[in-house]
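The values are calculated or read from the model by the stated rules, or taken from the named source; none is laboratory data. From a predicted model like this one, the values you see are computed outputs, not experimental measurements. Glycine also receives a Cβ, built like all others from the backbone with ideal geometry; neighbour counts cover every protein chain displayed. Ligands, DNA and RNA are stripped out before the accessible areas are found, and what is left, the full protein with its side chains, is counted by its heavy atoms. Shrake-Rupley method; radii C 1.70, N 1.55, O 1.52, S 1.80 Å.
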Amino acid sequence: MTTKFSQLEKLEHFIDICGRCGDCGTSGTQMSTAKRHVDRPCPVKNVLGYEAYSARGRIIVLKNVLGGKLKVNKELLDWAYSCTTCASCKETCLAIDGGIDTPAMMEALRCDLVASGNVVSKHEEIVDSIRKNGNPYGEPAAKRLDFIKGRHVAAKADVLLFLGCTAAYREPSMAAGAVALLDKLGVPYAMLDGEGCCGSILKRCGYSAEFAANAKKNVAAIEASGARKVVFPCAGCYRTFKKDYADIDGAKNIQFQHITEFVSEYIKAHPKQFKFKQHARVSYHDPCHLGRHAGVYEAPRDLLKGIQNATFIELDASRNFSHCCGSGGGVKSSNPELARGIAANRDAEAVAKQVDLLVSACPFCEKNLRDGLDGAATVLRVADITEILAETMVEELKGKVAACGAPGGATTTGSEYMAYLARYPDIFSDLVQGSIMDFTIYNKIEDLQAECDPVEAFNVLRTDKGIDITPGRADSADLELALSVAAVKRLITCPTKAAYAEQFGKFYNEPDEVEGWIDFVLNKRTKTLIKMGYGKFAEAAGILEDEDSV
Amino acid sequence: MTASIDIPAAQAAIASIVGAANVSTEPIVLCSYAEDASPFPGKLPGIVVRPRSTEEVKSIMVYAAKNKVPVVPVGGRSSICGSTIPRVDNALMIDFTRMDQVIAINEDAMTVTVQPGITWSRLIHDLKEKGFKLGFRGPYGGNAGTVAGSLSGNSIGCGAAAHGGAPDNVVSLEVVLASGEVIKTGSAWKESAELKGTFARFCTYNDITGLFLGDHGSLGLKTAATLKIFPVPKGVAYFDMGFPDIHSGARAFQEIQKEHLAEEIVMLGDDNSIELLVNSYRSTFPDVHCLFGVVIEEPDERIADVKKELCEKIARKHGGKPIGQFLAKAHWGNMFNLTQSLFEEGFWHNTCHLRPISTLPAIIDQFHAIAKKHELKKNQINWIISALGVAHCYTSGWITLFLKDKSKQDVLDAAWDELKAAEMVSGVPYWTGKLWEPYVLPMTSPAFLAVMKRVKEALDPENLIHPQVFRP
């Protein structure tokens, strides 16, 4: 059958935009002042080496495919399924807002290949199993909840726990951890009788028709359950429901949350204490489906940092620049050696930081990172966050814990600054709706430069009505506005908005360790920020200073 | 030109040197190496190899010399002048990005010795962690751009105002010659010397190091380089200066450069460039029609402050005024992350070149006349002008055209050709590649070209390394 590239052609414009700068493949650790800790971002190229496996190379190859210079054959098929679609390249790319979407192009190519009958036999087996068994592993549907055999699970509740196939069949300790965690928290929840595959693997491998049918079936089952909120321990299922089901009727009325988001919210109202029995150096691996694809970075970190008797170690490649575990995009099933090689690289990053416990929030990551340790002489333990939280939960707390400010809600510099800004929402009036910035407060400039945690942090979101100020960092802030404690103390005494702007500009343009200082870390392209109104914001805040007119 | 190579035999022989996983003849792999960041198409390589050590490179070159296989060395391939694309079919492309290690930091001689494929961004980071900085920090494409790539291509970029371009910062090189022999240059010429112990470039003999700088990878294969390093500065100052016109801005720019006050002086451009880069400045500073940012780095804050005062005094003398520090700080903090956002304006046609600072206003005026003549704005062709200071006292001017509507390619080509011709009157390109060769070769003195040819023949008599480069 002749291959028509109808899906890929829809994304051909990306090929023209790519400047082939190579940032997506070989860029090294960048200037720390920019906090763009990109370090050889393509996990596949890092193992296989050649340019063809980076996004730049893939774009050149795709151009040759569309131009008819490369034929569809086994080599092309293997190459097409060698991308984990982790989107690290997209995050690194500064060519357009959000980056050139190479993963989307790879998925489009896969759709075209499948449509023309060019398929991988392993993937065909998976599709067949999902059709017959409701899971990709060839396991009987009836065994899905074997890990909690004999235990009664409610069929109806406001909260529905959607386990996912990998947790249920391949990572039962994680599945048990999720159940134990909700039980210990005292959350009333239900589980679907006959929960089926979310279909992520279908979507990632190019089986779009099968995916659409499967998705409709899942949404209908959830609607029928009456649940208003679905909680996922699996990052892959979560991303699929939240992002890929977005256009399905019925899905819009249901709230989808990853279990880390749910628990993080829940314990704010129902405080709990978590503590390791033995001190541990703990790090977090961002699952691509949870982080880059769904924008959840802070909730899992907040939870892990809240566990006592532990030191939290941030890996160099983290958050949106985290390296993939290697399991996604169908790579684990079609090229397990490549997947293991990628995982071994990621494990090595944790070992280099003397981490004892590498925690993830996805059963694919957990399994593959553990597989990556195969044979390595290391004491690194890989575990899922649900297991760790269930394991370390010790007792209830009496007081309420605030993320910004002292325990018990005592007044702090941060909370005073939040209250001050709330009085002057028009400071943010030049920003477009949805703009969000972190305010971080540091004792000294060296702490900012060394990327230590700030003393306090909150974020300001520009809404249609004004601003929302929330304790803690935002998941994906446009920029970080860092201030010294001294600067904040001075700023909040300014009697007018004009006086505030003048003082603000002075701290930025004439920073002083004693008097006060302000600095920025830009997380988006300058051009993008200006389009969002940050240029005007800077002007209003006194940063762009015409000294002669002062 | 097509090389006649027994590809399976070559693949087997090279695999025995580097391992089978590091040599490929797969069409998918080959086609991804036929292009770089330039708009020029390249020839398809026959083999791609990824060596890890000088010894491997030496063995590969011995094989290539024996079997008359043309060789094309490449690094990050972020060149926008087309310097890394193969000029002949079936070449053996050596991808040096696997040779990406810091070999040694010599705190005694204040040098760092690196493998050729290390990226500028990684090197800057590794040095910073140990308390050092480079002089020249790398080209604007330094995220992916490699050290040896920049040394071969005469890169200009970050830190050039104080330290010059990439070649200005080299102490010594290790080079595998076309014969497979390995030489070390500078004070490492002794048979027993190690490159990491080198301390001087100009000594004992001619500057053999310089032969391989700016050679576009055509005279030898760089397998290591020793660069100057400096302590991380304790005093840093940033500031932006606004001017009523390009003439006054250029005069202040030149005087600051004459006094050697800045680590970086950058972004001297016109109204259109301000609009494209930071459009909010147009309304914030309506009387500013030209601006530049300055970065000062010194061992002590007091020295930085004094230099900042001197710069401000110079700017005011020429009608300028300080307008904060956001631009300079954002530029320096986002080094290497600045040009990518221009890609969406349409693939760029770039005319980076060097010129005396005093000639900047004239070339900008000439360009404005060209833009008017070809109605660039009406044809949706935008531009950016940005000049940065380069030691000793000259500038790298950057006039780049952006084509939004591909149907206007002929308009752009006509304007671009006129612009390049105008630039050649008082300026010279620093990189060459396929971008500039058609312009510079016919203008080059025959005697100069003859020397170039004899040097190439002496070092590479079979014309194996990056053949066709610098050839009319």
Task: Positions within the stretch B:13-37 being surrounded by 23 or more Cβ atoms within 10 Å (Cβ to Cβ), touching a residue at least 24 places away in the same chain (Cβ under 8 Å) and touching a helix residue (DSSP H, G or I) at 6+ places or on another chain (Cβ under 7 Å), in sequence order - done: B:14, B:23, B:33, B:35
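For residues in the stretch B:339-372 being within 14 Å of another protein chain (Cβ to nearest Cβ) and of a type in the set (Ser, Thr, Tyr), which is nearest to residue A:530 (Cα to Cα)? Spell out how you get there, then give the answer.
Narrowing the stretch B:339-372 to residues within 14 Å of another protein chain (Cβ to nearest Cβ): B:339-350.
From what is left, the residues that are of a type in the set (Ser, Thr, Tyr) are B:339, B:341.
Values: B:339: 16, B:341: 12 Å.
Among those residues, the one meeting the criterion is B:341.
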Open item on the list: Out of the residues in the stretch B:124-159 meeting the condition of being buried (at least 24 other Cβ atoms within 10 Å of the Cβ) and among the polar types (S, T, N, Q), tell me which one is nearest to the other protein chains (Cβ to nearest Cβ).
Closed with: B:143
- [ ] Select from the stretch B:166-203 the residues that are part of a loop (DSSP other than H, G, I, E, B) and touching a Phe, Trp or Tyr at 6+ places or on another chain (Cβ under 6 Å) and list them in ascending order.
- [x] none
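Tell me, which residue of the stretch B:105-123 that is in contact with a strand residue (DSSP E or B) (Cβ under 9 Å, 6 or more places away or on another chain) and open to solvent by 20 Å² or more (accessible area, probe 1.4 Å) is farthest from the other protein chains (Cβ to nearest Cβ)?
Here the answer is B:109.
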TODO: Tally the residues that are free of Cβ contacts under 8 Å to residues at least 60 places away in the same chain and hydrophobic (A, V, I, L, M, F, W, C), restricting the search to the stretch B:397-423.
DONE: 9
TODO: Name the helices (runs of 4 or more DSSP H) wholly inside the stretch A:59-176 in which the number of residues that are polar (S, T, N, Q) and farther than 28 Å from residue A:222 by Cβ is 2 or more.
DONE: A:88-92
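For the subset of the stretch A:371-392 comprising residues that are out of contact with any Lys or Arg (no Cβ under 8 Å at 6 or more places or on another chain), open to solvent by 60 Å² or more (accessible area, probe 1.4 Å) and touching a residue at least 24 places away in the same chain (Cβ under 8 Å), which member is nearest to residue A:187 (Cα to Cα)?
Filtering the stretch A:371-392 down to residues out of contact with any Lys or Arg (no Cβ under 8 Å at 6 or more places or on another chain) leaves A:373, A:375-381, A:383-389, A:391.
Then drop every residue that is not open to solvent by 60 Å² or more (accessible area, probe 1.4 Å), which leaves A:375, A:377, A:379, A:381, A:391.
Filter once more, so that each one left must be touching a residue at least 24 places away in the same chain (Cβ under 8 Å): A:381, A:391.
On the way: A:381: 28, A:391: 17 Å.
Here the residue is A:391.
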Task: Residue within the stretch B:357-376 that is touching a strand residue (DSSP E or B) at 6+ places or on another chain (Cβ under 6 Å) and open to solvent by 10 Å² or more (accessible area, probe 1.4 Å) present - done: no
Task: One residue from B:336, B:326 being within 9 Å of chain A (Cβ to nearest Cβ), open to solvent by less than 10 Å² (accessible area, probe 1.4 Å) and not polar (S, T, N, Q) - done: B:336
Open item on the list: If residue A:97 meets every condition in (1) touching a Ser or Thr at 6+ places or on another chain (Cβ under 6 Å); (2) farther than 22 Å from residue B:117 by Cβ; (3) free of Cβ contacts under 8 Å to residues at least 24 places away in the same chain apart from one, which number is that one?
Closed with: (3)
Task: Whichever residue in the stretch B:273-330 is touching a residue at least 40 places away in the same chain (Cβ under 8 Å) and basic (Lys, Arg) and, among such residues, is farthest from residue B:137 (Cα to Cα) - done: B:317
TODO: Output the residue which, of all residues in the stretch B:228-242 that are in contact with a Phe, Trp or Tyr (Cβ under 8 Å, 6 or more places away or on another chain), among the hydrophobic types (A, V, I, L, M, F, W, C) and part of a strand (DSSP E or B), is surrounded by the most Cβ atoms within 10 Å (Cβ to Cβ).
DONE: B:241
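For the stretch B:286-303, which positions are surrounded by 21 or more Cβ atoms within 10 Å (Cβ to Cβ) and either within 11 Å of chain A (Cβ to nearest Cβ) or closer than 18 Å to residue B:252 by Cα (or both)?
Step one: filter the stretch B:286-303 for residues surrounded by 21 or more Cβ atoms within 10 Å (Cβ to Cβ), giving B:288, B:290-297.
B:288, B:290, B:291, B:292, B:293, B:294, B:295, B:296 - these are the residues of the stretch B:286-303 that are surrounded by 21 or more Cβ atoms within 10 Å (Cβ to Cβ) and either within 11 Å of chain A (Cβ to nearest Cβ) or closer than 18 Å to residue B:252 by Cα (or both).
Let's see how each residue does on (1) surrounded by 19 or more Cβ atoms within 10 Å (Cβ to Cβ); (2) farther than 17 Å from residue A:363 by Cα:
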residue: A:258; (1), (2): yes, no
residue: A:261; (1), (2): yes, no
residue: A:270; (1), (2): no, yes
residue: A:273; (1), (2): no, yes
residue: A:286; (1), (2): yes, no
residue: A:294; (1), (2): yes, no
residue: A:303; (1), (2): yes, yes
TODO: Quick one: residue A:67 ticks every box in (1) at positive phi; (2) of a type outside the set (D, E, K, R); (3) within 13 Å of another protein chain (Cβ to nearest Cβ) except a single one, so which number is it?
DONE: (1)
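For residue B:468, state whether it is open to solvent by 40 Å² or more (accessible area, probe 1.4 Å) and over 21 Å from residue B:350 (Cβ atoms).
Numbers: open to solvent by 40 Å² or more (accessible area, probe 1.4 Å): yes; over 21 Å from residue B:350 (Cβ atoms): yes.
Judged against the criteria, residue B:468 is a match.
Would a scan of the stretch A:477-489 turn up a residue that is in contact (Cβ under 8 Å) with a residue 12 or more places away in the chain, of a type outside the set (D, E, K, R), in a loop (DSSP other than H, G, I, E, B) and open to solvent by less than 30 Å² (accessible area, probe 1.4 Å)? Can you show your working first?
Applying the first criterion (in contact (Cβ under 8 Å) with a residue 12 or more places away in the chain) to the stretch A:477-489 yields A:477-489.
The next check asks that each one be of a type outside the set (D, E, K, R); those that pass are A:477, A:479, A:481-488.
Now restrict to residues that are in a loop (DSSP other than H, G, I, E, B): A:477.
Those still in the list that are open to solvent by less than 30 Å² (accessible area, probe 1.4 Å) too: A:477.
Looking through the stretch A:477-489, at least one residue is in contact (Cβ under 8 Å) with a residue 12 or more places away in the chain, of a type outside the set (D, E, K, R), in a loop (DSSP other than H, G, I, E, B) and open to solvent by less than 30 Å² (accessible area, probe 1.4 Å).
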Open item on the list: Could you tell me how many of the residues in the stretch B:283-327 are aliphatic (A, V, I, L, M), modelled with pLDDT of 95 or more and in a helix (DSSP H, G or I)?
Closed with: 6
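Considering only the stretch A:232-327, give the strands (runs of 3 or more DSSP E) lying wholly within it that have at least 2 residues that are within 21 Å of residue A:171 (Cα to Cα) and more than 11 Å from the chain's Cα centre (by Cα).
Numbers: elements: A:255-258, A:272-284, A:307-313.
So the answer is A:272-284.
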